1. Heavy atoms only, 1.4 Å probe, whole protein assembly: order Thr28, Thr235 by accessible area, highest first.
2. Got a number for the accessible area of Thr184? Probe 1.4 Å, square angstrom, nearest 10.
3. Nearest 500 deg cm²/dmol is fine: what mean residue ellipticity at 222 nm does the chain get from its DSSP H runs of n ≥ 4 alone, each adding -39,500 (n - 2.57), divided by its residue count?
4. Can you work out the accessible area per residue across the stretch 3-249, with the rest of the protein chains kept in place, probe 1.4 Å, in square angstrom?
5. Taking loop as defined by DSSP and a crowding limit of 13 other beta carbons within 10 Å, which trypsin sites (Lys or Arg not before Pro) in the stretch 79-138 fit?
6. Rank Phe56, Ser129, Ala158 by how far each Cα sits towards the positive end of the charge dipole of the stretch 39-186 (+1 on Lys, Arg Cβ; -1 on Asp, Glu Cβ) and give me just the farthest.
7. Rounded to a whole number, what % of the accessible area of the chain do carbon and sulfur atoms account for, probe 1.4 Å?
8. Pop a pseudo-label 7 angstrom from the Cα along the beta-carbon direction at both Thr149 and Ser129 and give the gap in nm to one decimal.
Amino acid sequence: MNEEHAVALFFELFSGLPRQGPGSPDATRRALALMPPLGATARILDIGCGTGAQTFVLADATAAAIEAIDAHPPFVAELNARAERLGLAARVRGHVGDMARLDYPPGTFDVVWSEGAAYSMGFDAALESWKRLLVPGGHLAVSELCWLTPDPPPECLAFFAGEYPAMRDLAAVVVAGDPYGYRTVGHFVLPASAWWDDYYEPLGSNVREFKARHGDDSLALAIAGQTEREIEVFTHYSGSYGYVFFVMQKPGA
Ligand code: SAH
């Protein structure tokens, strides 16, 4: 398989979407409401920001300065162009970076935010390594895919054995911050609408156009098929798993 071609196809399939993972403005605001209000001196780091769906909700709902980090340069460019357009460039800035290698001084941020991205470096590794970025008493808001029922159907288990074998029960993830000294502030499950409205529905129409464009490319069709399968699994089994938003606090305020 040509790795470069696969990556290019993957990003083509995921381009032009309102967001790059499950989430919604309501969910972002609900997680934000679990922490104290953020004034003009507050700093937020949004990790794995994509094109900034949640970044601009945070900018609207707070007076904080926001740095947004993503590994994919076109997403960061789109975020910065949108910040310019909205007159927010002084307060919202995207940077290309690796979430596993963030070299800010300790205690730089009041809030570390990450929607649908921490899994890519490992959820627990993310909790551990991002803690140093927070001020004492600072908050971490992070969403993670979890099993919601004790006995998911075999077909659903089989799909995630390939896609996300590290997926854990909600109850296990609620206490994942304990070893690192975080206090759990709250958590909630994203509703199915947060998967469909700004993510799977636009992604589904991207898949249809992508297949029409690449009908003779077997690699493209395989990538499209895997994405269709993911959406189909959610259609059938959305009660068995979901994205859960967790808000934790670093001790020592
Ligand atoms: N938070 C956005 C995007 C979620 S998709 C939203 O909810 O819409 C996950 C994002 O993480 C992608 O934009 C991907 O480019 C980014 N990402 C993956 N690995 C990364 C890494 N090591 N460092 C920084 N960003 C990464």
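1. Most to least solvent-accessible, the answer reads Thr235, Thr28.
2. Near enough 50 Å² of accessible area.
3. -11500 deg cm²/dmol
4. Details: 10850 Å² over 247 residues.
Accessible area per residue, the stretch 3-249: 44 Å².
5. On the way: sites: Arg82, Arg85, Arg91, Arg93, Arg101, Lys131, Arg132; in loops: Arg91, Arg101.
For trypsin sites (Lys or Arg not before Pro) across the stretch 79-138 that sit outside H, G, I, E and B with at most 13 neighbouring Cβ atoms in 10 Å, the list reads Arg101.
6. Phe56
7. Percent of accessible area from carbon and sulfur atoms in the chain: 56.
8. For Thr149 paired with Ser129, the spin-label model returns 3.5 nm.
The values are calculated or read from the model by the stated rules, or taken from the named source; none is laboratory data. As the structure is a prediction and not an experimental result, all values here were calculated from the model. Neighbour counts are summed over all protein chains in view; Cβ atoms, including those assigned to glycine, are modelled from backbone coordinates with ideal geometry. To get the accessible areas, we keep the full protein, side chains included, count just its heavy atoms, and leave off ligands, DNA and RNA. Shrake-Rupley method; radii C 1.70, N 1.55, O 1.52, S 1.80 Å.
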